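I have placed the structure first, in the form of structure tokens, so that the comments after it can refer back to it.
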Amino acid sequence: MPFATAIGGMLFGYGGTAAFAPTAGLLTAGNVALGTMAVSTAMTTKAQSDAGKTEKRWQEYNAAISEQTGKAIQESALHEEKTHRKAGRRHIARMIVEGYSPLMLEETAGEIEKDALIIRRGGVLGEQKLKSQAVTERGKGAFARRTGRWRAGATLLSGGTRMADLYGSSKGYW
């Protein structure tokens with residue numbers, strides 16, 4: 001059996017040759033296009049699904065960074081508050097040594113306390129803002145994941161419709 005006939009027999013049915021491929025019915029241009037379209041649809045579907053998953057992972061990462069940054073801001077504010085109070089106590093001690101009036105000492109202590117509370121509040125608000133941002137980012141990630149799934153489903157339906165149309169056209173159904 002000649003080599004071309006053997007290949008033709010494997011690809012195009014027993015007794016066929018490569019010269020008769022278009023008439024063999026297995027590797028027609030329509031079938032090749034249909035197969036290519038099926039592979040393309042599957043690859044696009046996978047890519048869209050993966051894009052949604054990747055976006056969700058990025059949003060989770062961003063949310064974790066926001067939460068960590070919020071904690072760092074809160075810890076920094078607590079440290080700054082503690083440092084401010086300590087400096088305030090030293091300042092009041094100097095004022096006592098220098099003989100300031102009790103009214104002036106009380107007023108200064110009140111200002112130091114007020115400033116310390118403002119520092120603490122800034123840390124709390126900064127942390128709350130970043131926690132809220134983390135929640136928003138997680139929501140965006142979940143939305144991106146769902147969107148990826150919907151796009152993948154739409155691609156499957158669209159690709160299936162195109163393949164059915166191509167198949168029907170190649171068979172002369174419409």
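Any read-out appearing in this document is the output of simple, stated calculations on the displayed coordinates, not a laboratory observation. Everything numeric in this text was worked out from a predicted model, so none of it was measured. Reconstructed Cβ throughout: ideal geometry from the backbone, glycine too, with neighbour counts over all protein chains shown.
With the Cα gyration tensor of the range 23-174 giving a ≥ b ≥ c as the square roots of its eigenvalues, does the rule (a/c under 1.5 for rounded; else a/b larger than b/c for prolate; else oblate) give rounded, prolate or oblate? Each step should come with its number before you reach the end.
On the way: a/c = 12.39, a/b = 6.48, b/c = 1.91.
Note, shape of the range 23-174 comes out prolate.
Let me have the relative contact order for the range 31-174, percent, based on Cα pairs under 8 Å that are six or more residues apart. Walk me through the numbers before you get to the answer.
Details: 122 pairs, mean separation 73.9, N = 144.
Over the range 31-174, the number comes to 51 percent.
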Quick calc: nm separation of the 7 Å Cα→Cβ label points for Trp150 and Thr108 -> 6.4
Whole-Hz Karplus couplings 3J(HN,Hα) for the range 39-51, θ = phi - 60° and coefficients 6.51, -1.76, 1.60, Gly and Pro as x, run 5, 4, 5, 5, 5, 5, 4, 4, 4, 5, 5, 5, 4
Net charge near Ala63 (other residues with Cβ under 10 Å of its Cβ; Lys, Arg +1; Asp, Glu -1) is 0
Distance in nm between Ala164 and Ile118 label points, each 7 Å along Cα→Cβ, equals 7.0
Ordering 154-166, 136-148, 86-98 by per-residue average of other C-beta atoms within 10 angstrom, highest first, gives 136-148, 154-166, 86-98
